[in-house]
Amino acid sequence: MTDTALAHGPVVEKRRGDGLTAAALITPATIFVALCLLAPLAILFRYSLNDFIPAKKMMVEAVTAANYIKFFTDPYYTSILLTTVRIAVLVTLVCLILGFPLAYVVARTQSRWKHLLIISIVLPLFVGNSVRAAGWMVVFGNKGFVNASLLGLGLIDKPLEIMFTEKAVIIGIIAVNLPFMVLSLQSVIEGIDRAVEEAAFSLGAPPVTMFRRVLWPLALPGILAGTILTFILAMNAYATPFLLGGPLFKMMAPLIYNEFTQKTNWPFGGAIAFILMTVTLLLTVAANLLFQRARHGR
Amino acid sequence: MSKGFMINRRTALGGVAAVAAGTGFPAYAQDNKRIVVGTWGGDYSRLLAKNIETPLLAPGGWDVIKDEANAPPRRAKMMAEKALRRGTSDIQGLSANDMFEVNEQGTVEQLDYSKMPNAANLIAAMKYPYGIGHIYSGKVVLFNPKLMSAPAGFADTLDPKRGEKLGIIDIQYQYTMLAAGLAAGGSMSNFEPGKERLIACKKAGARIYPSNEAFAQALKTEEIACGIMWKARAVQWQNAGINVETVAPKEGVPMYVSGFVMPKNAPNKAGAYAYLDAMMAPSAQEGFAVDMGYNPTVANAKVPDDVQKRIGFTDEEKKRLVDLDYGYMAKNDTAFQDWWNKSFKG
């Protein structure tokens, strides 16, 4: 018995030690997340159930779903949500279409300049969104680079309206999100053995069939990661729609900011924030399920 | 500079005008020489430093820290800090209607004017129980004389006949609705009649700009030919080489007052009073008139004649200066924003 106890002793001790180490490792991050994310979210959710007196711009304690009902019953707000989802889906698709070939080339290249290629993709991320948007403003303006060039070449006789339109916002968000898509895809494509592509070709598959039957299914985890990341970033885009969209174009994140600061309507701002978060989460989960089904259905 | 030195000098110079605002305060307040000023960034902040802080406060040992942002986020911060015993700012620069609203929300101190010797010269209309008017101007019509003849007033400017040559500033929604209201037979307490007119202007192609600066840019590139804005801004833009002239509208010239309030939980109230007092000094007020084109709010500021001619209003125009109905605007602001965002812009 003593022997057994001795034999088990160190094992038990080791497990306890493991537990402590694990606890020590996860506690700081858990506390950080709890304090910096969950606590504000909980407070915000509580605020979103409060009332608001417009005449005094004051929040009043209450427990009501009125803010959520107001959002879904007013076409002005639902149209902003639909615009946001539409733009996020469009941007994600364009990023996927533009990003896949680029990621494939970067992943497969044997060139000694490969690291430079990767750096050039990451480089735009070194500049903040608002700074980049300021650059786009110079490019898109009525007397900006694009219009000045087209007018100079005689291709148009009146400046194109790009600045403060949906077009400008879409171009701006694609430029911000494309590196995230490319990097997600490139890391997964690099892990796919070149031999499986060659096997498909040697069995007579044309490139399109090889892509559809071999590359695409194997790259699905990267496609999923890239699309989710791009979609979430586009749904929550603030600086780009604010600066390039102008006063007439609205997306969800600038709307939330406006409710909080301009109208000081914290309850409604809180409710919109939760609606945006929930819609983003639901669409992400739905996309995930669709991808999983596509993967296993094969 | 040690505290001991400060206190000794303070004791020695007790009663001298430069430190008058600080005398009679408890010792702990005198120890705190930092004043946190919430203000707009850009020119306004730069000119606060040039005309008030550097010449009038720094020699007294005051250290001014700026919290620069547009008014809405700073107001939101004041609301968020309302329950705190100590806030993070000592004074906040706001427009007169914002000052009215933050007072309604119970976040600002009622001022003791006896602590500010310079307040003796303050124009009565700029003396609010909860704040002080720092500068003022009037909402006028701006037009490019190269592209059109001078409009008579708001009705002639906010008119669908101007098509896409009319510029409207998004963040000026209150004053735009007010001007359209006056143009359509409304009053300072009834903006409703102007709504139809604004929608007609937008349908006719009026351009909407996100900021004052974007509007100025459009005037410069001649994308637009007219709009409405503070006279002071027109003077500033004229100085920047933009071809723009002003007309004091026949319907009335709504006043724009920009001032300062002190949050109830200001950590350094002595500092706040010192700042407010320095702000009313004639030299500071004259500096703002010359540099920024706003009118002084104290009677003893001497503005050069040529400057006065450009920034001020004639006696005839002064008769048309009208103050805003702050109560009406505060009560309906949320509704105005809803209409502006949903019906006008939407």
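Return yes when residue A:101 is away from chain B (no Cβ under 14 Å) and either surrounded by 14 or more Cβ atoms within 10 Å (Cβ to Cβ) or of a type outside the set (Asp, Glu) (or both) and no when it is not. Spelling it out, residue A:101 is indeed away from chain B (no Cβ under 14 Å) and either surrounded by 14 or more Cβ atoms within 10 Å (Cβ to Cβ) or of a type outside the set (Asp, Glu) (or both). In the set (1) over 23 Å from residue B:231 (Cα atoms); (2) touching a residue at least 60 places away in the same chain (Cβ under 8 Å); (3) of a type in the set (S, T, N, Q), residue B:105 fails one condition alone, (2). Inside the range B:302-327, residues that are in contact (Cβ under 8 Å) with a residue 60 or more places away in the chain, touching a Pro at 6+ places or on another chain (Cβ under 7 Å) and in a loop (DSSP other than H, G, I, E, B) make up a count of 1. Confirm whether residue B:220 is within 14 Å of another protein chain (Cβ to nearest Cβ), modelled with pLDDT of 95 or more and surrounded by fewer than 23 Cβ atoms within 10 Å (Cβ to Cβ). No: the conditions fail for residue B:220. Only residues that are touching a residue at least 12 places away in the same chain (Cβ under 8 Å), in a loop (DSSP other than H, G, I, E, B) and either in contact with a helix residue (DSSP H, G or I) (Cβ under 6 Å, 6 or more places away or on another chain) or under 12 Å from residue B:106 (Cβ atoms) (or both): list them for the range B:75-90, please. Once the filter is applied, which keeps residues that are touching a residue at least 12 places away in the same chain (Cβ under 8 Å), in a loop (DSSP other than H, G, I, E, B) and either in contact with a helix residue (DSSP H, G or I) (Cβ under 6 Å, 6 or more places away or on another chain) or under 12 Å from residue B:106 (Cβ atoms) (or both), the range B:75-90 yields B:82, B:90. Looking across the range B:266-283, the residues that are surrounded by 20 or more Cβ atoms within 10 Å (Cβ to Cβ) and assigned to a loop (DSSP other than H, G, I, E, B) come down to B:266, B:268, B:280, B:281. Count of the range B:233-272 residues, restricted to those that are within 30 Å of residue B:34 (Cβ to Cβ) and within 19 Å of the chain's Cα centre (by Cα), is 8.
Before we move on, is residue B:242 more than 14 Å from chain A (Cβ to nearest Cβ), without any contact (Cβ under 8 Å) to a residue 40 or more places away in the chain and not in a helix (DSSP H, G or I)? Yes, satisfied.
Among the conditions (1) crowded, with 17+ Cβ neighbours inside 10 Å; (2) of a type in the set (A, V, I, L, M, F, W, C); (3) over 18 Å from residue A:59 (Cβ atoms), the only one that residue A:266 does not satisfy is (3). Selection of the range A:238-272 for residues being part of a loop (DSSP other than H, G, I, E, B), at the interface with another protein chain (Cβ under 9 Å from one of its Cβ atoms) and over 21 Å from residue B:94 (Cα atoms) yields A:246, A:247, A:248, A:250.
Close Cβ contacts (under 6 Å, 6 or more residues apart or on different chains) running from residues in the range A:101-119 that are in the same structural domain as residue A:185 (by TED's automatic domain parsing) to residues that are surrounded by fewer than 17 Cβ atoms within 10 Å (Cβ to Cβ) comprise A:106/A:117; A:107/A:190. Summed over the range A:47-80, the residues that are away from chain B (no Cβ under 14 Å), of a type in the set (A, V, I, L, M) and surrounded by 15 or more Cβ atoms within 10 Å (Cβ to Cβ) give a count of 2.
Filter the range B:334-346 down to residues that are more than 19 Å from residue B:72 (Cα to Cα) and surrounded by fewer than 16 Cβ atoms within 10 Å (Cβ to Cβ), then give me how many there are. Counting residues in the range B:334-346 that are more than 19 Å from residue B:72 (Cα to Cα) and surrounded by fewer than 16 Cβ atoms within 10 Å (Cβ to Cβ) gives 3. Among the conditions (1) part of a loop (DSSP other than H, G, I, E, B); (2) over 25 Å from residue B:253 (Cβ atoms); (3) at pLDDT below 95, the only one that residue B:152 does not satisfy is (2).
Is it the case that the range B:312-333 has a residue that's surrounded by 19 or more Cβ atoms within 10 Å (Cβ to Cβ), small (Gly, Ala, Ser) and within 14 Å of chain A (Cβ to nearest Cβ)? Scanning the range B:312-333 turns up at least one residue that is surrounded by 19 or more Cβ atoms within 10 Å (Cβ to Cβ), small (Gly, Ala, Ser) and within 14 Å of chain A (Cβ to nearest Cβ). Among the numbered conditions (1) touching a Pro at 6+ places or on another chain (Cβ under 9 Å); (2) away from chain B (no Cβ under 14 Å); (3) modelled with pLDDT under 95; (4) within 30 Å of residue A:69 (Cβ to Cβ), the only one that residue A:284 does not meet is (1).
Yes/no matrix, rows are residues, columns are (1) among the acidic types (Asp, Glu); (2) assigned by TED's automatic domain parsing to the domain that holds residue B:57; (3) touching a strand residue (DSSP E or B) at 6+ places or on another chain (Cβ under 7 Å); (4) under 24 Å from residue B:128 (Cβ atoms):
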{"site": "B:267", "(1), (2), (3), (4)": "no, yes, no, yes"}
{"site": "B:272", "(1), (2), (3), (4)": "no, yes, yes, yes"}
{"site": "B:277", "(1), (2), (3), (4)": "yes, yes, no, yes"}
{"site": "B:280", "(1), (2), (3), (4)": "no, yes, yes, yes"}
{"site": "B:284", "(1), (2), (3), (4)": "no, yes, no, yes"}
{"site": "B:291", "(1), (2), (3), (4)": "yes, yes, no, no"}
{"site": "B:295", "(1), (2), (3), (4)": "no, yes, yes, yes"}
{"site": "B:299", "(1), (2), (3), (4)": "no, yes, no, yes"}
{"site": "B:304", "(1), (2), (3), (4)": "no, yes, no, no"}
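Of all residues assigned to the range B:250-263, at least one qualifies as being surrounded by 16 or more Cβ atoms within 10 Å (Cβ to Cβ), among the β-branched types (Val, Ile, Thr) and more than 24 Å from residue B:112 (Cα to Cα). Does the range A:242-259 contain any residue that is buried (at least 20 other Cβ atoms within 10 Å of the Cβ), polar (S, T, N, Q), assigned by TED's automatic domain parsing to the domain that holds residue A:94 and in contact with a helix residue (DSSP H, G or I) (Cβ under 9 Å, 6 or more places away or on another chain)? The answer is no; no qualifying residue exists.
Going by the conditions given, is residue A:96 buried (at least 16 other Cβ atoms within 10 Å of the Cβ), farther than 16 Å from residue A:250 by Cα, under 18 Å from the mean Cα position of the chain (by Cα) and at pLDDT 95 or above? Yes. Scanning the range A:145-196 for residues that are among the basic types (Lys, Arg) and modelled with pLDDT of 90 or more returns A:167, A:194. Residue A:277 passes every criterion in (1) in a helix (DSSP H, G or I); (2) farther than 20 Å from residue A:181 by Cβ; (3) in contact (Cβ under 8 Å) with a residue 12 or more places away in the chain apart from (3).
This table checks each residue for (1) modelled with pLDDT of 95 or more; (2) under 27 Å from residue A:43 (Cα atoms).
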{"site": "A:232", "(1), (2)": "yes, yes"}
{"site": "A:266", "(1), (2)": "no, yes"}
{"site": "A:269", "(1), (2)": "yes, yes"}
{"site": "A:272", "(1), (2)": "yes, yes"}
{"site": "A:278", "(1), (2)": "yes, yes"}
{"site": "A:288", "(1), (2)": "no, no"}
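For the subset of the range B:61-74 comprising residues that are more than 14 Å from chain A (Cβ to nearest Cβ) and assigned to a loop (DSSP other than H, G, I, E, B), which member is nearest to the chain's Cα centre (by Cα)? First the steps, then the outcome.
First, pick out the residues of the range B:61-74 that are more than 14 Å from chain A (Cβ to nearest Cβ): B:61-68.
Filter once more, keeping what is assigned to a loop (DSSP other than H, G, I, E, B): B:61-62.
Numbers: B:61: 27, B:62: 24 Å.
Top of the filtered list is B:62.
The values are calculated or read from the model by the stated rules, or taken from the named source; none is laboratory data. Note that this is a predicted model, so its numbers are computed, not measured. Using ideal geometry, Cβ is built from the backbone for each residue, glycine included, and neighbour counts are taken over all protein chains shown.
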